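Undergrad: Handing you a structure now.
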Amino acid sequence: ITKYIIGYYSQVRPHQHNGGLTPNESEKRYWLNYKTVANLT
């Protein structure tokens with residue numbers, strides 16, 4: 001059950017809190033932006 005919930009909610013289900021993105025996509029975008037900002041400083 002845990003594997004299903006984590007897999008579904010992290011990879012498939014969009015979340016309103018994340019602007020309609022899946023948690024995985026939201027985290028991916030966060031780290032891309034983080035690296036960009038880190039390179040500028």
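Taken together, the values in this text are just the output of simple stated rules run on the coordinates, not laboratory data. Keep in mind the model is a prediction, meaning the values are calculated, not measured. In this analysis, Cβ positions are derived from the backbone assuming ideal geometry, glycine residues included, and neighbour counts consider all displayed protein chains.
Undergrad: Could you work out how far helix 2-11 tilts from the main Cα principal axis of the chain, as a 0 to 90 degree angle to the nearest 10?
TA: Taking the Cα atoms of the chain, the angle to 2-11 is about 40 degrees.
Undergrad: Here is a follow-up. Between the helical axis of 23-40 and the dominant principal axis of the chain, each derived from Cα atoms, what acute angle in degrees is found, rounded to the nearest 10?
TA: 10 degrees
Undergrad: Run the quick spin-label model on H17 and L40: label points 7 Å from Cα toward the beta carbon, then report their separation in nm to one decimal.
TA: Rounded to a tenth, the inter-label distance reads 2.6 nm.
Undergrad: What translational diffusion coefficient, to the nearest whole µm²/s, does the chain have by Stokes-Einstein, given a Kirkwood radius computed over alpha-carbon pairs, a temperature of 37 °C and 0.692 mPa s viscosity?
TA: 294 µm²/s
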